[in-house]
1. Please list, ordered by first then second residue, the pairs with beta carbon atoms under 8 Å, 6 or more apart or interchain, first in segment 107-132 and over 12 Å from HIS145 (Cα atoms) and modelled with pLDDT of 95 or more, second within 16 Å of ligand 1 (Cβ to nearest atom) and open to solvent by 60 Å² or more (accessible area, probe 1.4 Å).
2. Can you pull out every residue in segment 35-94 that is acidic (Asp, Glu), more than 16 Å from ligand 1 (Cβ to nearest atom) and in contact (Cβ under 8 Å) with a residue 24 or more places away in the chain?
3. Starting from residues that are open to solvent by 50 Å² or more (accessible area, probe 1.4 Å) and in a loop (DSSP other than H, G, I, E, B), keep the ones in segment 244-266 and report whichever is modelled with the highest pLDDT.
4. Based on this model, can you work out whether GLN120 counts as of a type outside the set (A, V, I, L, M), within 16 Å of ligand 1 (Cβ to nearest atom), assigned to a helix (DSSP H, G or I) and touching a strand residue (DSSP E or B) at 6+ places or on another chain (Cβ under 9 Å)?
5. Is it the case that some residue within segment 225-233 is under 29 Å from GLY46 (Cα atoms) and in a helix (DSSP H, G or I)?
6. Mind telling me which of the residues SER318, SER280, SER269 ends up being more than 21 Å from ILE172 (Cβ to Cβ), open to solvent by less than 60 Å² (accessible area, probe 1.4 Å) and in a helix (DSSP H, G or I)?
7. Out of all the residues in segment 325-340, which are open to solvent by 10 Å² or more (accessible area, probe 1.4 Å) and either in contact (Cβ under 8 Å) with a residue 60 or more places away in the chain or polar (S, T, N, Q) (or both)?
8. Tally up the residues in segment 292-318 that are over 24 Å from ARG221 (Cβ atoms) and in contact with a Pro (Cβ under 9 Å, 6 or more places away or on another chain), please.
Amino acid sequence: MSALPETHTAVVWHGPRDVRVEQVATPRLQHADDAIVKVQLAGLCGSDLHVFRGDEDVDERHTCGHELIGIVVALGDSFVPDASESRPALYRTLKVGDGVVCPFTVSCGECEFCRLGQTQRCIHSILLGQPILPGAQAQYIRIPHAGGSLFALPPNLSQELPAPALLLLADILPTGLFVATQALSHAKIAPVLTGTAWPPKLDGYFDSEVDAQAAIRTEDRALQLAVVGLGPVGLCATFALLDILSHLSVPYKLLAVDPNPVRRRKLESMLAVVSSSPSSPTSLGEIFLSDHMDARGIVKGWGRGGCHAVLEVVGNNSALTTAMGLLAPAGVLSSCGVHQAPQVPFTGRELYNANVTLEFGRCPVRALFPAALRLLRKRADVLAQVGGTGLVERVVPLENAPEAYEKFDKGASVSAERRMNHNVQSTYALSIGGI
Ligand SMILES: [Zn+2]
Ligand SMILES: [Zn+2]
């Protein structure tokens, strides 16, 4: 620890629309499970704007930021080669100098929720960038329960992928993968994928009693899907969905919905890159794009009353209303947006009458790191692009964070004038550790 400076540079939130770059005390190891990470890049994503604008329930001064990649510079006493086998492997293997990515919430890797893969609901969960846990937009950050929270990046990965693209692993890409997985893994979707009618087998419990009155037909085994919201997470969700669908080998129709034509064009150009790639599998699907006004007419035209599943990747009631309007009976609405409205825009009776399932919530980022990294490598042609039409729009020095917040907020506000938007066009990276 002696090598760490007494103070370091951090982006500090002082109040609504007041972030400052200043010197604050460098974090120190406080617990044997802690790691200190020297931040190389920190994200500035749509969620940071909620804090910036004062929309979150926070009024104390604190270091901002919840997305980071960096290098381990100090480890607590728990990190030893002979740490118990019952603990997460990083307690035995992580070393000073290793490159890491951290989920935006702490997850211990040891409690029941972590063991079950619901790492977002770890009993020790803390969102990075709170008064109780200074955030990632700083030169150094303390990560509690680091052996469970951190994910060690393979050596030489930065030669394969640009560093700002790795930042997508901290939040945006796993969240897109999560909202897609949550839909396609649902028991209501299983009959289309497996050819066996509901109920699910439950380890043989229903084996001899599945009693569909008529056999599932070939035409029943095709999925109708929609993604509502084509911000950065929506784009990641779309490519995650397409990647899983290529693995499942079922025909599908997918409608990508956003009122903003710039976002739709961005997806269009990304899809063109993918379809011209020799590594892309032959697609069994058809992809459509529309604004929210035409979306319902398009999916109704597909038949069966709408979609098997709709991904809502915005986080407000107008997007939820659009998504609900696209669902067929017995559909799954998978939502990963951070909803601020006091109530959802439909009643229990409406859900009952359509047997619609709602899947809401935060992404278990830590549980999805390996799959998200695999997807990032596989679809680097669209997901790992930086600048211009890339998901990471620009990389700015930490010192320019206040202007970056202003500019990012203004860019988001332009879109927010449209009906369905709390999200933004892309994301920024704050360059901190010399990348
Ligand atoms: Zn984020
Ligand atoms: Zn846990």
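The values are calculated or read from the model by the stated rules, or taken from the named source; none is laboratory data. Since this is a predicted model, take the numbers as computed values, not measurements. Every residue, glycine as well, gets a Cβ built from its backbone with ideal geometry; the counts of neighbours run over all protein chains shown. SASA here: full protein model, heavy atoms, side chains in, ligands and nucleic acids out. Shrake-Rupley method; radii C 1.70, N 1.55, O 1.52, S 1.80 Å.
1. Here the result reads GLN120/ARG362; ARG121/ARG362, each pair linking segment 107-132 to a residue that is within 16 Å of ligand 1 (Cβ to nearest atom) and open to solvent by 60 Å² or more (accessible area, probe 1.4 Å).
2. Going residue by residue through segment 35-94, those that are acidic (Asp, Glu) are 48, 55-57, 59-60, 67, 77, 82, 85.
Those left that are additionally more than 16 Å from ligand 1 (Cβ to nearest atom): 57, 59-60, 77, 82, 85.
Matches in segment 35-94: ASP59, GLU60, ASP77.
3. Checking each candidate, the answer is PRO251.
4. Numbers: of a type outside the set (A, V, I, L, M): yes; within 16 Å of ligand 1 (Cβ to nearest atom): yes; assigned to a helix (DSSP H, G or I): yes; touching a strand residue (DSSP E or B) at 6+ places or on another chain (Cβ under 9 Å): yes.
Considered against the rule, which asks whether it is of a type outside the set (A, V, I, L, M), within 16 Å of ligand 1 (Cβ to nearest atom), assigned to a helix (DSSP H, G or I) and touching a strand residue (DSSP E or B) at 6+ places or on another chain (Cβ under 9 Å), GLN120 comes out as yes.
5. Looking only at segment 225-233, we keep the residues that are under 29 Å from GLY46 (Cα atoms), and these are 225-233.
Keeping just the survivors that are in a helix (DSSP H, G or I) gives 232-233.
Within segment 225-233 (the criterion being under 29 Å from GLY46 (Cα atoms) and in a helix (DSSP H, G or I)), the answer is yes, since at least one residue qualifies.
6. Details: SER280 fails: in a helix (DSSP H, G or I); SER269 fails: more than 21 Å from ILE172 (Cβ to Cβ).
Of SER318, SER280, SER269, the one residue that is more than 21 Å from ILE172 (Cβ to Cβ), open to solvent by less than 60 Å² (accessible area, probe 1.4 Å) and in a helix (DSSP H, G or I) is SER318.
7. Filtering segment 325-340 for residues open to solvent by 10 Å² or more (accessible area, probe 1.4 Å) gives 325, 327, 329-330, 336-340.
Those that are open to solvent by 10 Å² or more (accessible area, probe 1.4 Å) and either in contact (Cβ under 8 Å) with a residue 60 or more places away in the chain or polar (S, T, N, Q) (or both): ALA330, CYS336, GLY337, VAL338, GLN340.
8. The number of residues fulfilling the criteria is 4.
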